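Peer 1: A single structure is presented below for examination.
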Amino acid sequence: MRFSRQVLLLQIGVVVLVVGIGVALVSVLLSRTLTEQYGQRALAIAKSVAADPVVVANTAAKVPGGALQERALAVRERNEALFVVITDDNSIRLAHPTPTEIGRRVSTPADRARAGLDDVSTVASGTLGLSVRSKTPIWQGQRVVGEVSVGFDVADPTGDFNQLLAITLVFAGGALLLGAGASALLNRRLRRVTHGLEPHELTELLYEREAVLHGIGEGVLAVDEANRVSVRNDEAERLLGTELPIGAALAELELSPRLHKAVGEGRPVDNLLAVAGNRVLVVNSRAVRLDDRPIGTVLTFRDRTDLDTLTRELDGIRALSDGLRAQRHEFANRLHTLYGLLQLGHHTEAVEYLQTLTDSPSARPSELGDAVADPYLQALLVAKTEQAQEKGLTLKLADDTWVPTAVTDPIAANTVIGNLVDNALHAARMGPRRPATVEISLLAEGGTLHVSVVDSGPGVPEDLRRTLFDEGVSTKIAPGHGLGLALARQAARAHGGDVWLADPGEDETGALFVAKLPGTLTEDR
């Protein structure tokens with residue numbers, strides 16, 4: 001038998017039991033109450049008869065029948081009593097509904113009445129059958145001269161009891177039907193809420209859910225229709241770097257704007273890159289529906305920080321390789337030109353050509369070597385310079401540049417400097433000013449590397465200044481951008497530093513980005 005049906009039967013059984021006990025208690029109370037009421041009624045009638053002067057006088061004189069009989073019969077008829085019996089102080093009947101019983105001793109004891117006490121609500125059997133009776137003494141002065149006994153047929157309270165019991169049973173039946181209906185509705189609601197699953201099936205689902213949530217290497221976060229956290233695993237909290245309490249509103253949590261946008265739009269999201277703390281996450285989002293009704297959204301997270309670090313390192317090496325290849329091509333062209341001049345005997349022109357090459361900035365790497373001692377920074381600056389030249393731009397090193405020590409974390413330094421320079425080159429190329437230039441300044445202060453990059457572009461629009469470092473925010477039209485500045489700030493903050501947009505202070509310049517990277521240089525001793 002299904003658990004829901006067991007619950008239904010149990011609830012109906014409980015309702016039947018409660019109603020049955022209630023009816024039984026009501027029946028007992030009704031029976032006792034009706035018996036007491038009829039006893040009090042009989043006692044009131046008996047007292048009224050005992051107070052009659054004619055009854056007192058005839059009872060004291062022990063005159064049977066006559067006026068006593070008439071009065072007793074009249075009272076019995078008016079009150080629809082079973083009997084009204086008057087006896088003397090020796091319990092001899094002086095008045096009785098059956099005339100042949102007059103002069104005989106009563107069949108029930110009258111000790112309490114002869115002692116001057118009332119006897120109430122006594123159910124006893126007499127000559128007229130089972131009755132509810134009450135007795136009261138007849139006083140003449142200070143002396144008890146007899147008693148009056150009034151009784152009602154036990155069928156009278158029984159009839160009233162049956163009538164009240166029938167009404168009670170009707171209400172009990174209604175309560176039983178109402179309880180059974182409520183139980184059926186509750187059972188139906190239970191089946192709908194649990195989707196017809198049995199308790200053991202729910203238990204198995206719980207075990208499976210816990211095993212899946214905590215057994216996989218991905219972070220899982222589920223929100224309900226109101227965008228409140230309903231399910232999450234430990235990996236999700238670890239990757240996002242924040243607590244995800246159940247029931248918390250997603251908008252109140254410090255998460256990536258891309259995550260809020262993915263949940264808010266409610267559309268499927270595949271392999272979305274987002275920054276969380278010091279991590280780069282790949283996010284997938286799916287809206288969940290049940291019976292064509294939206295019930296929430298499930299997001300999964302994969303950590304690709306290490307992969308992204310390797311990718312950035314590979315990009316740096318690739319940029320360096322491209323720069324070296326461009327230099328090799330240019331150097332080969334210059335050698336061919338020099339070789340041709342010598343072959344043709346133009347020695348003077350060859351010397352002048354060599355002097356021109358020697359005086360050109362690109363042919364004097366020693367200037368860069370004096371200002372920047374670290375080979376990683378030298379390679380990055382050379383590669384970015386060659387890239388700028390290929391695009392018709394000028395990348396120059398500021399005069400105040402001075403980094404005499406080695407870089408301890410070249411990946412972080414290349415991430416910050418490379419992204420800032422790439423953005424500056426793009427802004428300078430898209431700007432109206434010509435020549436398009438980018439100037440970079442590197443300055444060592446103990447173990448801290450200070451970086452500033454200024455371009456000749458149009459600057460950052462005012463409406464983007466507050467959100468410039470959020471993922472997905474970019475001035476570039478092509479899709480797939482908006483992570484460079486976020487990654488640069490992430491790398492800087494991982495070392496206790498930061499990246500921010502500063503005021504260039506000059507009208508002919510575009511945007512000025514400043515970075516501070518503590519602990520990325522070896523201190524000069």
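Peer 1: Enter the mean projected area of the convex hull around the alpha-carbon atoms of the stretch 378-440, in nm², rounded to one decimal.
Peer 2: Working: hull surface 17.8 nm².
Its average projected convex-hull area is 4.4 nm².
Peer 1: Now for a different question. Which value, in Å² and to the nearest 10, is the accessible area of Ile411 when all protein chains are kept and the probe is 1.4 Å?
Peer 2: Solvent-accessible area, nearest 10 Å²: 40 Å².
Peer 1: Within the stretch 77-116, what residues put their amide N at less than 20 Å from the label point 7 Å along the Cα-to-Cβ vector of Ala44?
Peer 2: 77-85
Peer 1: Now for a separate question. Mind ranking Glu218, Glu77 by accessible surface for me, highest first, 1.4 Å probe?
Peer 2: Details: Glu218 60, Glu77 145 Å².
So, going from the largest accessible area down, we get Glu77, Glu218.
Peer 1: Any chance you could look up the accessible area of Arg289 with a 1.4 Å probe, heavy atoms only, rounded to 10 Å²?
Peer 2: Here the residue's solvent-accessible area equals roughly 140 Å².
Peer 1: How much solvent-accessible surface does Phe171 expose, in Å² to the nearest 10, with a 1.4 Å probe and all protein chains in place?
Peer 2: Here the residue's solvent-accessible area equals roughly 150 Å².
Peer 1: With only alpha-carbon pairs counted, each pair once and no self-pairs, how large is the Kirkwood hydrodynamic radius of the stretch 1-71 in angstroms? The partial results should precede the final answer.
Peer 2: Values: mean 1/r = 0.0590 Å⁻¹.
It is 17.0 Å.
Peer 1: In nm, to one decimal, how far is the modelled label at Leu190 from the one at Glu80, with both set 7 Å along Cα→Cβ?
Peer 2: Label at Leu190, label at Glu80, 5.0 nm between them.
Peer 1: What is the calculated FRET efficiency for Ile92 to Ala175, with r their C-beta to C-beta distance and R₀ = 51 Å, to the nearest 0.05? Working shown, then result.
Peer 2: Values: r = 55 Å, r/R0 = 1.07.
The formula returns an efficiency of 0.40 here.
Peer 1: Which order do the peptides 93-101, 32-40 come out in when sorted by mean C-beta neighbours inside 10 angstrom, highest first?
Peer 2: Details: 93-101: 18.7, 32-40: 16.8.
Sorting 93-101, 32-40 by mean packing, highest first, produces 93-101, 32-40.
Peer 1: Rank Val15, Val55 by accessible area, highest first, at a 1.4 Å probe radius? Don't jump to the answer; show the numbers that get you there.
Peer 2: Numbers: Val15 35, Val55 0 Å².
Order by accessible area, largest first: Val15, Val55.
Peer 1: So if I average 1/r over every pair of distinct C-alpha atoms in the stretch 40-88 and take the inverse, what Kirkwood radius in Å does that give?
Peer 2: Working: mean 1/r = 0.0922 Å⁻¹.
When all Cα pairs of the stretch 40-88 are included, the Kirkwood radius is 10.8 Å.
Peer 1: What are the residues whose amide H is under 5 Å from the amide H of Gly459, where those residues sit 5 or more places off or on another chain and H is modelled from the backbone?
Peer 2: Ala511
The values are calculated or read from the model by the stated rules, or taken from the named source; none is laboratory data. Keep in mind that what you see is a predicted model, and the values were worked out from it rather than measured. Positions of Cβ are generated from backbone atoms using ideal geometry, with glycine treated the same way; all protein chains shown enter the neighbour counts. Just so you know, the surface numbers come from the protein's heavy atoms only, side chains and all, with ligands and any DNA or RNA stripped out. Shrake-Rupley method; radii C 1.70, N 1.55, O 1.52, S 1.80 Å.
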